[in-house]
1. Just the residues that are among the hydrophobic types (A, V, I, L, M, F, W, C) and over 18 Å from ALA237 (Cα atoms), please, taken from region 135-165.
2. Return yes or no: is LEU210 crowded, with 24+ Cβ neighbours inside 10 Å and within 16 Å of the ligand (Cβ to nearest atom)?
3. Just name the residue that is nearest to VAL136 (Cα to Cα) out of those in region 55-94 that are open to solvent by less than 10 Å² (accessible area, probe 1.4 Å) and either more than 11 Å from the ligand (Cβ to nearest atom) or assigned to a helix (DSSP H, G or I) (or both).
4. Checking VAL279 against (1) over 19 Å from the mean Cα position of the chain (by Cα); (2) open to solvent by less than 20 Å² (accessible area, probe 1.4 Å); (3) within 16 Å of the ligand (Cβ to nearest atom), which test does it fail?
5. Output the number of residues of region 22-34 satisfying the condition of being outside any helix (DSSP H, G or I) and more than 6 Å from the ligand (Cβ to nearest atom).
6. For region 163-240, list the helices (runs of 4 or more DSSP H) that sit wholly inside it and hold at least 1 residues that are in contact with an Asp or Glu (Cβ under 9 Å, 6 or more places away or on another chain); which are they?
7. Within the set of pairs 6 or more residues apart or between chains, which connect a residue that is assigned to a helix (DSSP H, G or I) inside region 125-151 to a residue that is of a type in the set (S, T, N, Q) and within 13 Å of the ligand (Cβ to nearest atom) with Cβ atoms less than 7 Å apart?
Amino acid sequence: MSDHRFLRALRRQPVDRTPVWIMRQAGRYLPEYRATRARAGSFVALCKTPELACEVTLQPLARFPLDAAILFSDILTIPDAMGLGLSVEEKVGPRFARTVRTRAEIAKLGVPDPEADLRYVMDAVRLIRRELHDKVPLIGFAGSPWTLACYMIEGEGSSSFAKAKALALDDAATMHRLLGVVARSVAAYLAAQAAAGAQALMVFDTWGGLLAPDMFRDFSLRYLAQIAQSLQGDKAAKNIPLILFSKGANAHLEALADTGCAALGLDWTISLGAARTRVGDRVALQGNLDPAVLHASSDAIRSEAKRVLADFGPHPGHVFNLGHGITPDVDPERLGLLVDAVHALSARSI
Ligand code: 1CP
């Protein structure tokens, strides 16, 4: 299993063809996902029922020859376990019943015990590993402290997360208290996923790119580095590759590579070649096709896949992915075409 091309690529070892998986590969663009979610009754119930979370995790793998599975869950399970009360409504998105904005509210937050408070996630990881029969590796994941804090403060999605930024600027000490407890929670949660069987781990810093450079270093990067270090000291997680995806944070690639992670996820606003020139072979790179390409013609999908592969070049250490999640309006056949194109265009002898 440790020889699967996805894990080899994360270790920057030669592979027979470039491994590919897709962010949000289990999701609303698949009719079978929508059917299972309807059976579950809600998105949150789907996440909290290990058998159903396992079922939707495996759905895209039954359709396409993907090289990795990703746990079906959400980044917002941690704040939910901290008592914020998560719901996800169709077309509205995630929302918390309670927000945390004051020093007193933040002081009350504790680190959830993954095997008690997030038991349903660990059970899902164990079940998925069993059902995968080592066909492909399983990725576990969490949100970054900054990205989770954005939702905890705002209470829902936002295009600017201005309330989170205002707290960071007005009362940095309180913001650091919040980020500290969330970072310890994320590290414990990822370590528990590794112990339960996750074979790679990914941190989604989706809103890191909203921050000005100094704020990115203080309020996002610093906590990503803490998590990477904490995992390196953990028995179950120390040999599990960690992928950091700080969307829109291309100004900070060198610093992100210095955290000790195995790989960086990249959005589509930088070429893989340019990124590789900057980080060298310290880390593998994952990405970075613009998700919008899946709305274009078959020829465009093939030629853009070829361009992404050529941008990275003939080196070890590339995992093909989109630069962000697949959108709900994509025709699943287009994704099949992309996965086949990546495999065909990257086949090589090793
Ligand atoms: O109606 C539905 O079915 C809910 C849609 C949905 C789905 C399919 C949500 C609500 N979450 C998910 C699954 C999910 N979320 C996965 C599954 C594994 C996969 O196949 O990739 C993962 C990895 C996530 C992670 C996640 N959730 C992120 C980080 C990744 C990213 O896309 O940037 C973020 C920001 C969230 C919050 C969230 N949860 C759901 C939505 C619609 C959102 C985004 C809300 C916003 O725009 O602020």
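The values are calculated or read from the model by the stated rules, or taken from the named source; none is laboratory data. All figures in this text were calculated on a predicted structure; none of them were measured in a lab. Quick reminder, even Gly has a Cβ in these numbers, built from the backbone with ideal geometry, and neighbours come from all protein chains shown. These area figures cover heavy atoms from the full protein model, side chains too; ligands, DNA and RNA do not enter into them. Shrake-Rupley method; radii C 1.70, N 1.55, O 1.52, S 1.80 Å.
1. Step one: of region 135-165, the residues among the hydrophobic types (A, V, I, L, M, F, W, C) are 136, 138-139, 141-142, 146, 148-150, 152-153, 161-162, 164.
Selection gives VAL136, TRP146, LEU148, ALA149, CYS150, MET152, ILE153, PHE161, ALA162, ALA164.
2. Numbers: crowded, with 24+ Cβ neighbours inside 10 Å: no; within 16 Å of the ligand (Cβ to nearest atom): yes.
Considered against the rule, which asks whether it is crowded, with 24+ Cβ neighbours inside 10 Å and within 16 Å of the ligand (Cβ to nearest atom), LEU210 comes out as no.
3. Filtering first and then ranking leaves ASP67.
4. That leaves (3) as the condition not met.
5. So the first thing to find is which residues in region 22-34 are outside any helix (DSSP H, G or I), and the list is 22-30.
Subset that is more than 6 Å from the ligand (Cβ to nearest atom): 22, 29-30.
Adding up the residues that qualify gives 3.
6. Details: elements: 172-196, 213-216, 222-232.
Correct list: 172-196, 222-232.
7. From residues that are assigned to a helix (DSSP H, G or I), the pairs are VAL125/GLN193; ILE128/THR57; THR147/THR206.
Listed here are the residues, each with its yes/no results for (1) over 22 Å from ALA40 (Cβ atoms); (2) at pLDDT 95 or above.
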| site | (1), (2) |
| --- | --- |
| LEU71 | no, yes |
| GLY85 | no, yes |
| GLU89 | no, no |
| ARG101 | yes, yes |
| GLU105 | yes, yes |
| GLU115 | yes, yes |
